[in-house]
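The values are calculated or read from the model by the stated rules, or taken from the named source; none is laboratory data. The model shown is predicted, which means the values in this text are computed figures rather than measured ones. Positions of Cβ are generated from backbone atoms using ideal geometry, with glycine treated the same way; all protein chains shown enter the neighbour counts. The accessibility values were calculated without ligands, DNA or RNA, using every heavy atom of the protein model including side chains. Shrake-Rupley method; radii C 1.70, N 1.55, O 1.52, S 1.80 Å.
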Amino acid sequence: MSQKQLKEAFISNLNGTSLLEVAVGLSLPPLCLLCRGLLLILYHLHHGKPVSSRNSSLLLDFLVLVSPLLFSCTVLSPVICVIPVILAAFCAAVFSKICRQRKQEGRVPFGQTVKEFRQAALDPESIPAVTVFRVYVNVLTAISILAVDFPQYPRRFAKAETYGTGAMDLGVGAFIFGNALVCPEVRQKPHVAQPKFSSLARQLFSVWPLVSLGFGRLLSLKSVEYHEHTSEYGVHWNFFFTLALVRLAASLLLAVLPKNNSWVAALALAVLYQLLLNTTSLKTFLLHGSSGTDGRLGFLDANREGLLSLFGYLAIYLASVQAGLWLRRRRSSVQGWLQALGDLAVAVLVLLLSLQVSQEHADPVSRRMANLSYCLWVLAHSLMLFIFFVATDLALVFTKLLVGGCSVPCCWNVVEPPNSSRKQGMEPVGREDKLPHLCLISAINKNQLLFFLLANVMTGAVNILVDTIHSKAAFTLCILHLYMFLNCLIMSILHAKNIVLKFW
């Protein structure tokens with residue numbers, strides 16, 4: 001077999017992993033975020049100021065926010081269920097150290113802080129968990145698209161061939177979910193009258209870079225005979241085209257349908273698509289082609305996975321718009337978000353129960369078809385990850401109140417709680433130092449599409465230059481860390497110079 005055929009075989013005919021293992025893996029990014037926040041608070045307590053060196057902050061962010069994920073999906077993957085326990089224990093140790101430090105300094109009693117925490121007001125204009133969710137989906141995607149070509153990346157985490165729940169299968173759907181959370185239909189002011197098709201016009205203007213990148217990827221892969229997994233999207237199709245068409249189709253539907261009930265349209269679309277798969281020859285065509293022998297005759301046949309899966313991805317997008325609208329409701333207190341977490345947990349439970357029913361009576365999860373089970377799985381686990389991030393934010397809010405006020409980037413700003421009884425001369429609760437150091441999450445967030453594009457370009461370069469299939473563990477870790485650090489460094493430099501490469 002040629003090198004191209006070897007690499008194609010290496011990422012083909014896989015079956016994914018268990019739902020539980022994917023859920024366990026979702027706890028890692030929030031724990032990394034919590035660890036970073038607690039370390040910054042502890043540093044502030046000891047030195048009376050935040051980390052001042054940009055180089056130090058970038059290194060800390062990379063080592064705490066990114067590096068554990070690299071290890072978890074490669075050499076530490078056999079013990080991935082233990083890693084969250086280790087990270088949680090480390091966070092508990094740091095929190096304990098913070099508590100001992102504040103006790104020595106005679107700060108406000110713990111019980112009073114708990115009361116103030118429940119009454120604390122938060123910045124209602126910001127939901128940091130949305131930004132963190134979108135950035136981390138990008139980071140995990142960037143890690144996986146290169147790591148999957150190395151033997152240290154477990155095959156069970158890669159995309160399943162037809163049925164299965166691989167970590168990369170979830171990543172595709174989570175990318176759609178994250179885009180919908182910040183779409184024009186979600187961000188526009190509810191009481192401001194706007195033309196009916198204004199959001200569609202904005203989407204038409206904003207998706208052209210995705211279409212351009214889709215054609216650029218197609219031409220570059222064909223020109224260098226790069227290895228491709230044809231059953232993923234088809235011969236000519238790719239995810240850039242999928243994302244662009246889903247955004248346009250959703251904006252068109254939401255221009256004529258009430259967006260506040262977009263979940264109804266999502267459910268109807270997903271159920272109807274599943275019925276067509278089960279009661280017609282559509283599933284046979286999707287899996288085996290028009291000839292029944294997995295042939296690729298004509299454009300529709302050649303790209304049947306990418307074209308037909310649009311229905312499932314559109315359903316995910318519409319349901320995610322509903323989630324985004326619900327999250328944007330004005331909640332300006334910790335108490336409000338604690339109640340919201342309970343509501344989100346109920347939604348996740350309902351989705352997981354529906355997933356169980358769908359898998360038993362309709363079809364197992366299939367990213368290749370983007371069937372009903374896949375839609376339910378993506379929505380349940382995306383909301384689960386979002387819950388973890390919000391809970392992490394609230395834990396950091398409590399810790400900041402505990403120490404009397406300090407800054408943690410990409411975390412809620414605390415407003416002075418009502419009836420605060422803090423002693424005169426103590427640091428005000430709402431005072432948050434302006435961080436002079438860079439935040440890696442903010443840096444990536446400013447240029448997310450560029451980050452994703454750079455990851456794709458670097459992945460292609462590494463695969464052309466390196467025999468990834470036969471690489472040793474140490475070499476693999478070096479390559480992956482260098483690849484991610486370079487990408488993060490570029491984002492940080494652009495962020496430091498306040499450069500945003502977006503004009504559409």
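Data table
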quantity: Count of region 23-49 residues which are farther than 30 Å from Leu352 by Cβ and free of Cβ contacts under 8 Å to residues at least 60 places away in the same chain; calculated: 6
quantity: Condition check for Leu275: under 30 Å from the mean Cα position of the chain (by Cα), under 26 Å from Leu252 (Cβ atoms), surrounded by fewer than 17 Cβ atoms within 10 Å (Cβ to Cβ) and at pLDDT 95 or above; calculated: yes
quantity: Region 346-375, subset in a helix (DSSP H, G or I) and among the polar types (S, T, N, Q), residue nearest to Ala158 (Cα to Cα); calculated: Ser373
quantity: The lone exception for Leu287 - which of (1) under 27 Å from the mean Cα position of the chain (by Cα); (2) farther than 30 Å from Leu385 by Cα it fails; calculated: (1)
quantity: Test: residue in region 74-90 that is touching a His at 6+ places or on another chain (Cβ under 9 Å) and open to solvent by 10 Å² or more (accessible area, probe 1.4 Å); calculated: no
quantity: Residue match in region 394-417 (condition: modelled with pLDDT under 90, of a type in the set (D, E, K, R), open to solvent by less than 20 Å² (accessible area, probe 1.4 Å) and over 16 Å from the mean Cα position of the chain (by Cα)); calculated: yes
quantity: Filter result for the condition that a residue is buried (at least 17 other Cβ atoms within 10 Å of the Cβ), at pLDDT below 90 and over 26 Å from Gln339 (Cα atoms), over Leu450, Leu438; calculated: Leu438
quantity: Entirely in region 130-239, the helices (runs of 4 or more DSSP H) that have 2 or more residues that are touching a residue at least 60 places away in the same chain (Cβ under 8 Å) and over 24 Å from Val390 (Cβ atoms); calculated: 198-206, 208-224, 230-233
quantity: Tally, over region 242-255, of residues that are within 21 Å of the chain's Cα centre (by Cα) and open to solvent by less than 20 Å² (accessible area, probe 1.4 Å); calculated: 5
quantity: Counted residues, region 284-331 - those being touching a residue at least 24 places away in the same chain (Cβ under 8 Å), hydroxyl-bearing (Ser, Thr, Tyr) and touching an Asp or Glu at 6+ places or on another chain (Cβ under 8 Å); calculated: 0
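Results for (1) open to solvent by 30 Å² or more (accessible area, probe 1.4 Å); (2) part of a loop (DSSP other than H, G, I, E, B); (3) modelled with pLDDT under 95, shown as yes or no for each residue.
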residue: Glu305; (1), (2), (3): no, no, yes
residue: Phe311; (1), (2), (3): yes, no, no
residue: Ala319; (1), (2), (3): no, no, no
residue: Gln339; (1), (2), (3): yes, no, yes
residue: Trp377; (1), (2), (3): no, no, no
